[in-house]
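Student: Okay, here's the structure, questions in a sec.
The values are calculated or read from the model by the stated rules, or taken from the named source; none is laboratory data. Worth saying up front: this structure is predicted, and the values here are computed from it rather than measured. Positions of Cβ are generated from backbone atoms using ideal geometry, with glycine treated the same way; all protein chains shown enter the neighbour counts.
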Amino acid sequence: MSLKIRDAKQCRYDVLALGECMVRLSPPGHGRIEFAKTLEVDVGGGEFNVAYACARLGLRGGFLSKLPNNYVARIVVNHGRAVGLDMSHVIMEKYDGVGRKSRVGLNFTEVGTGPRASVAMYDRGHSSASQMKPTDLDFNTIFGKDGARWLHTGGIMTSLSDDTAATVKAALEAADKAGTITSYDLNFRSKLWSGEKAIATTKGLIQHVKVLIGNEEDFTKVLGFKVEGVDEKMQKLPVENYKAMVERVVKAYPQIQAVCTTLRVVKSGLINDWSGILWHEGKFYESRKFENLEIEDRVGGGDGFSGGIAYGFLTGMDPQDIVNFAAAHGAMMHTTRGDTSQVTLDEVMDVAKGGTARIKR
């Protein structure tokens, strides 16, 4: 069953994302948080990164969320607007002056190297986004009257609270009813919820999802589907076993029309093997393999892949080109610091077609 994507002329947006965006604070280079004298300021969030990437690539993107009306929140708003991302559906609630009730979530990130892994330390409790309720935004108007061709959301937003889980469900229902393609990144985060809670909650959402995104751990912890043969350290990723798991998923949830994932083997903090897989209309498509990919910052690579999937479908690429484009976009996002895309459409197209890093003059 091919994706039936709404006519662009009938929709205000190509892509909308629902989620939380945090301010990211990182020591320069590969420094440690506890010894930092200065911190680099950036922004990022699993869902936000996808909409941002699509806007950067030239699509009409927008973000759905909630922030306190203060200076730190303006860092997020300004960052989105810089690439043309519509931030008008971000609710700016009154700030109480100290952040007792609502605040901007913070993400302290160390960029690992060698045997030392990258680390994300959250300081996001009581954030405005985590208190978002289904009635905060008029989803029927956003997806029905205004129109959007694609909605992206995922397990991070769902995990923040019972209210955000209800908000995600309301958005998915309204988008599905309006004929908007819905993509959902399972994105399991053990710091945010347990596997048991994730499975119980996600079962109430999955029937409204058309494009499902997740790695082997996500499918196990969030949907309860296990990939056989994956070793504990994730150094062996048997592709055929992953494909068999996907077949079980789409049999259990027949409304799902595409499933995609990244395959990553971590050799060191700065060297990974990287590729992607797409299942669509009963067939699997594997991307170009980026072996020994050199990494500047691995955070956000998976979101780059998801953004590439959305871009590929929305612009009418065939499935093989979609997965090649998505994997190339994710690979390119590994080359810059920060969570959000800094690469151009021409650069991604070149790499997706097999281009090299030979200097361009």
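Student: Suppose we keep only residues that are of a type in the set (F, W, Y) and under 22 Å from S190 (Cα atoms) within segment 96-149. Which one would you say is surrounded by the fewest Cβ atoms within 10 Å (Cβ to Cβ)?
Tutor: Ranking the candidates gives Y122 first.
Student: Based on what the data block shows, is L172 part of a helix (DSSP H, G or I), free of Cβ contacts under 8 Å to residues at least 60 places away in the same chain and in contact with a strand residue (DSSP E or B) (Cβ under 6 Å, 6 or more places away or on another chain)?
Tutor: Taking the combined requirement at face value, the residue satisfies it.
Student: Related question: So is G84 over 30 Å from L270 (Cα atoms), out of contact with any helix residue (DSSP H, G or I) (no Cβ under 6 Å at 6 or more places or on another chain) and not in a helix (DSSP H, G or I) or not?
Tutor: Spelling it out, it is not the case that G84 is over 30 Å from L270 (Cα atoms), out of contact with any helix residue (DSSP H, G or I) (no Cβ under 6 Å at 6 or more places or on another chain) and not in a helix (DSSP H, G or I).
Student: Suppose we keep only residues that are within 17 Å of K169 (Cβ to Cβ), hydrophobic (A, V, I, L, M, F, W, C) and in a loop (DSSP other than H, G, I, E, B) within segment 203-225. Which one would you say is farthest from the chain's Cα centre (by Cα)?
Tutor: L205
Student: Looking at (1) of a type in the set (A, V, I, L, M, F, W, C); (2) crowded, with 17+ Cβ neighbours inside 10 Å; (3) in a helix (DSSP H, G or I), which is the one condition that is false for A200?
Tutor: With (1) of a type in the set (A, V, I, L, M, F, W, C); (2) crowded, with 17+ Cβ neighbours inside 10 Å; (3) in a helix (DSSP H, G or I) applied to A200, the lone miss is (2).
Student: Could you go through segment 239-249 and let me know if any residue there is farther than 28 Å from Y122 by Cα, surrounded by fewer than 17 Cβ atoms within 10 Å (Cβ to Cβ) and touching a Phe, Trp or Tyr at 6+ places or on another chain (Cβ under 7 Å).
Tutor: yes
Student: Could you say which residue among A82, A51 is buried (at least 24 other Cβ atoms within 10 Å of the Cβ) and under 20 Å from the mean Cα position of the chain (by Cα)?
Tutor: A51
Student: While we're here: If I ask for residues that are in a helix (DSSP H, G or I), surrounded by fewer than 24 Cβ atoms within 10 Å (Cβ to Cβ) and either in contact with a helix residue (DSSP H, G or I) (Cβ under 7 Å, 6 or more places away or on another chain) or among the charged types (D, E, K, R) (or both), which ones from segment 301-319 would you list?
Tutor: Of everything in segment 301-319, just one residue is in a helix (DSSP H, G or I), surrounded by fewer than 24 Cβ atoms within 10 Å (Cβ to Cβ) and either in contact with a helix residue (DSSP H, G or I) (Cβ under 7 Å, 6 or more places away or on another chain) or among the charged types (D, E, K, R) (or both), namely G312.
Student: Please verify whether segment 129-139 includes one or more residues that are more than 19 Å from the chain's Cα centre (by Cα), outside any loop (DSSP other than H, G, I, E, B) and at pLDDT 95 or above.
Tutor: Yes, because at least one residue in segment 129-139 is more than 19 Å from the chain's Cα centre (by Cα), outside any loop (DSSP other than H, G, I, E, B) and at pLDDT 95 or above.
Student: Take the residues of segment 236-284 that are in a helix (DSSP H, G or I) and among the acidic types (D, E): which is nearest to D176 (Cα to Cα)?
Tutor: Ranking the candidates gives E247 first.
Student: Ok, one more. Which residue pairs have Cβ atoms closer than 6 Å, lie 6 or more positions apart in sequence or on different chains, and pair a first residue in segment 50-67 that is in contact (Cβ under 8 Å) with a residue 24 or more places away in the chain with a second residue that is in a loop (DSSP other than H, G, I, E, B) and of a type in the set (S, T, Y)?
Tutor: Taking only residues 6 or more apart or on different chains, the pairs are Y52/T340; A53/S341; R56/S341; K66/S128; L67/S128.
Student: In the list R24, R6, which residue meets the criterion of being in a strand (DSSP E or B), touching a residue at least 12 places away in the same chain (Cβ under 8 Å), in contact with a strand residue (DSSP E or B) (Cβ under 9 Å, 6 or more places away or on another chain) and not acidic (D, E)?
Tutor: R24
Student: S341 passes all but one of (1) in contact (Cβ under 8 Å) with a residue 24 or more places away in the chain; (2) in a loop (DSSP other than H, G, I, E, B); (3) farther than 22 Å from L59 by Cα; which number fails?
Tutor: Evaluating S341 over (1) in contact (Cβ under 8 Å) with a residue 24 or more places away in the chain; (2) in a loop (DSSP other than H, G, I, E, B); (3) farther than 22 Å from L59 by Cα leaves (3) as the failure.
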